[in-house]
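The values are calculated or read from the model by the stated rules, or taken from the named source; none is laboratory data. Quick caveat, the model's predicted, so the values are computed rather than measured. So basically every Cβ, Gly included, is an ideal-geometry build from the backbone, and we count neighbours across all protein chains shown. Calculation scope for accessible area: heavy atoms of the full protein, side chains included, ligands and nucleic acids excluded. Shrake-Rupley method; radii C 1.70, N 1.55, O 1.52, S 1.80 Å.
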Amino acid sequence: MAEVESFALDHTKVNPPYVRLAGRRKVGSGLVEKYDLRLAKPNREAIPTGALHTLEHLLAGYLRDHLEGVIDLSPMGCRTGFYLVAEGPLEEERVLVAFERALRDVLLHEGPIPGASFRECGNYRDHDLQGAKAWAEKVLREGLRVQATLPLEER
(Lines give C-alpha, C1' and ligand atoms only; values in the text may rest on other atoms or scores of the structure.)
Protein backbone atom coordinates (compact mmCIF):
# COMPACT_ATOMS: atom_id res chain seq x y z
CA MET A 1 0.00 0.00 0.00
CA ALA A 2 1.26 3.49 -0.82
CA GLU A 3 2.56 5.73 1.97
CA VAL A 4 -0.08 8.16 3.28
CA GLU A 5 1.27 11.36 4.83
CA SER A 6 -1.38 11.66 7.53
CA PHE A 7 -0.70 8.11 8.75
CA ALA A 8 2.90 9.11 9.49
CA LEU A 9 1.83 12.11 11.59
CA ASP A 10 2.09 11.58 15.36
CA HIS A 11 -1.49 12.40 16.34
CA THR A 12 -0.58 12.33 20.05
CA LYS A 13 1.44 15.53 19.48
CA VAL A 14 -1.18 17.37 17.41
CA ASN A 15 -2.16 20.55 19.27
CA PRO A 16 -4.85 22.45 17.35
CA PRO A 17 -6.01 24.86 16.17
CA TYR A 18 -3.39 25.21 13.48
CA VAL A 19 -2.41 25.34 9.83
CA ARG A 20 0.21 22.84 8.64
CA LEU A 21 1.73 22.24 5.22
CA ALA A 22 1.00 18.53 4.77
CA GLY A 23 2.33 17.99 1.27
CA ARG A 24 3.67 19.52 -1.89
CA ARG A 25 3.71 17.96 -5.35
CA LYS A 26 4.87 19.18 -8.73
CA VAL A 27 2.10 18.69 -11.27
CA GLY A 28 3.04 19.50 -14.85
CA SER A 29 4.65 22.93 -14.71
CA GLY A 30 2.82 23.87 -11.52
CA LEU A 31 2.84 23.08 -7.84
CA VAL A 32 -0.02 21.71 -5.74
CA GLU A 33 0.03 21.97 -1.95
CA LYS A 34 -2.07 20.27 0.71
CA TYR A 35 -2.68 21.98 4.05
CA ASP A 36 -3.97 20.45 7.27
CA LEU A 37 -6.43 22.92 8.80
CA ARG A 38 -6.88 21.35 12.23
CA LEU A 39 -9.64 22.52 14.56
CA ALA A 40 -10.06 19.67 17.08
CA LYS A 41 -7.70 17.54 19.18
CA PRO A 42 -7.47 14.02 17.70
CA ASN A 43 -8.96 11.27 19.85
CA ARG A 44 -10.20 13.87 22.36
CA GLU A 45 -12.77 15.87 20.37
CA ALA A 46 -14.64 15.54 17.10
CA ILE A 47 -16.70 18.12 15.28
CA PRO A 48 -20.31 16.90 15.05
CA THR A 49 -21.25 15.99 11.48
CA GLY A 50 -23.83 18.76 11.02
CA ALA A 51 -21.40 21.47 12.15
CA LEU A 52 -18.56 19.95 10.08
CA HIS A 53 -20.78 19.76 6.99
CA THR A 54 -21.87 23.38 7.38
CA LEU A 55 -18.27 24.52 7.95
CA GLU A 56 -17.33 22.68 4.76
CA HIS A 57 -20.00 24.49 2.73
CA LEU A 58 -19.20 27.91 4.19
CA LEU A 59 -15.41 27.60 4.14
CA ALA A 60 -15.48 26.30 0.56
CA GLY A 61 -16.66 29.76 -0.51
CA TYR A 62 -15.18 32.01 2.14
CA LEU A 63 -11.66 30.59 1.79
CA ARG A 64 -11.82 31.26 -1.94
CA ASP A 65 -12.76 34.87 -1.14
CA HIS A 66 -9.49 35.29 0.78
CA LEU A 67 -7.06 32.94 -0.98
CA GLU A 68 -6.47 32.52 -4.71
CA GLY A 69 -5.74 29.09 -6.12
CA VAL A 70 -8.01 27.00 -3.90
CA ILE A 71 -8.69 23.69 -5.62
CA ASP A 72 -10.60 21.85 -2.88
CA LEU A 73 -11.52 21.88 0.79
CA SER A 74 -12.40 18.48 2.24
CA PRO A 75 -13.37 17.43 5.75
CA MET A 76 -11.18 14.86 7.49
CA GLY A 77 -12.92 11.57 8.12
CA CYS A 78 -11.87 11.77 11.77
CA ARG A 79 -13.88 15.03 12.00
CA THR A 80 -11.01 17.05 13.48
CA GLY A 81 -10.50 19.47 10.60
CA PHE A 82 -10.09 19.93 6.87
CA TYR A 83 -7.61 19.41 4.08
CA LEU A 84 -7.11 22.39 1.79
CA VAL A 85 -5.64 21.67 -1.65
CA ALA A 86 -4.39 24.72 -3.53
CA GLU A 87 -2.12 25.85 -6.31
CA GLY A 88 1.22 26.80 -4.82
CA PRO A 89 3.51 27.95 -3.76
CA LEU A 90 1.67 29.51 -0.83
CA GLU A 91 3.06 30.37 2.54
CA GLU A 92 1.61 28.86 5.70
CA GLU A 93 1.15 32.34 7.19
CA ARG A 94 -0.86 33.40 4.14
CA VAL A 95 -3.08 30.31 4.47
CA LEU A 96 -3.46 31.02 8.21
CA VAL A 97 -4.61 34.60 7.58
CA ALA A 98 -7.10 33.46 4.91
CA PHE A 99 -8.41 30.68 7.18
CA GLU A 100 -8.84 33.12 10.07
CA ARG A 101 -10.72 35.57 7.84
CA ALA A 102 -12.93 32.78 6.49
CA LEU A 103 -13.75 31.67 10.06
CA ARG A 104 -14.72 35.27 10.89
CA ASP A 105 -17.01 35.20 7.83
CA VAL A 106 -18.60 32.01 9.21
CA LEU A 107 -19.38 33.87 12.46
CA LEU A 108 -21.10 36.64 10.48
CA HIS A 109 -23.00 34.32 8.12
CA GLU A 110 -26.76 34.77 8.13
CA GLY A 111 -29.36 33.14 5.95
CA PRO A 112 -29.25 29.92 3.97
CA ILE A 113 -26.18 27.72 3.81
CA PRO A 114 -24.77 27.79 0.25
CA GLY A 115 -25.24 24.57 -1.69
CA ALA A 116 -27.46 22.98 0.97
CA SER A 117 -30.51 22.02 -1.07
CA PHE A 118 -31.70 18.60 -2.19
CA ARG A 119 -30.36 19.25 -5.71
CA GLU A 120 -26.98 20.69 -4.61
CA CYS A 121 -25.98 18.50 -1.68
CA GLY A 122 -25.69 14.78 -1.02
CA ASN A 123 -26.94 15.08 2.57
CA TYR A 124 -28.73 18.42 2.65
CA ARG A 125 -30.56 17.72 5.94
CA ASP A 126 -27.32 17.29 7.93
CA HIS A 127 -26.34 20.92 8.62
CA ASP A 128 -25.89 22.92 11.80
CA LEU A 129 -25.12 26.63 11.35
CA GLN A 130 -25.04 27.36 15.10
CA GLY A 131 -22.65 24.43 15.64
CA ALA A 132 -20.42 25.68 12.81
CA LYS A 133 -20.38 29.15 14.34
CA ALA A 134 -19.53 27.70 17.77
CA TRP A 135 -16.51 25.86 16.32
CA ALA A 136 -15.38 28.96 14.40
CA GLU A 137 -15.64 31.01 17.60
CA LYS A 138 -13.71 28.38 19.60
CA VAL A 139 -10.87 28.29 17.06
CA LEU A 140 -10.64 32.08 16.84
CA ARG A 141 -10.71 32.41 20.63
CA GLU A 142 -7.91 29.83 21.04
CA GLY A 143 -5.89 31.40 18.22
CA LEU A 144 -4.60 29.78 15.06
CA ARG A 145 -0.90 29.10 14.60
CA VAL A 146 1.41 27.44 12.11
CA GLN A 147 2.36 23.89 13.11
CA ALA A 148 5.36 21.92 11.92
CA THR A 149 4.85 18.30 10.94
CA LEU A 150 5.43 15.95 13.86
CA PRO A 151 6.30 12.56 12.34
CA LEU A 152 6.00 9.27 14.15
CA GLU A 153 9.35 8.41 15.68
CA GLU A 154 8.95 4.67 15.18
CA ARG A 155 6.88 2.60 12.81
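For the reader, a short list of remarks on this structure follows.
- In this rough spin-label picture, where each label sits 7 Å from Cα along the Cβ direction, the residue 137-residue 74 distance is 3.2 nm.
- Separation in nanometres of the label points that stand 7 Å from Cα toward Cβ, at residue 49 and residue 24: 3.7 nm
- Cβ-derived FRET efficiency at R0 25 Å, residue 3 paired with residue 91, nearest 0.05: 0.45
- Accessible area in the full protein assembly, largest first, 1.4 Å probe, for 113, 71, 47: 71, 113, 47
- Lys, Arg +1 and Asp, Glu -1 on Cβ, resulting dipole of the chain about Cα centre, debye, nearest 20: 180 debye
- Close Lys pairs in the chain (alpha-carbon distance under 28 Å; sequence gap of 8 or more, or different chains): 9.
- Loop-resident trypsin sites (Lys or Arg not before Pro) (DSSP state other than H, G, I, E or B) in the range 102-147 with no more than 10 further Cβ atoms inside 10 Å of their Cβ: 119, 125.
- Applying the criteria of a DSSP loop state and at most 15 other Cβ atoms within 10 Å to the GluC sites (Glu not before Pro) of the range 64-155 yields 68, 91, 110, 120, 153, 154.
- Length gained when the stretch residue 148-residue 108 is fully extended (0.36 nm per residue, less Cα-Cα span): 11.4 nm
- Under the combined filter of DSSP loop state and at most 16 neighbouring Cβ atoms within 10 Å, the range 1-53 retains these GluC sites (Glu not before Pro): 3, 45.
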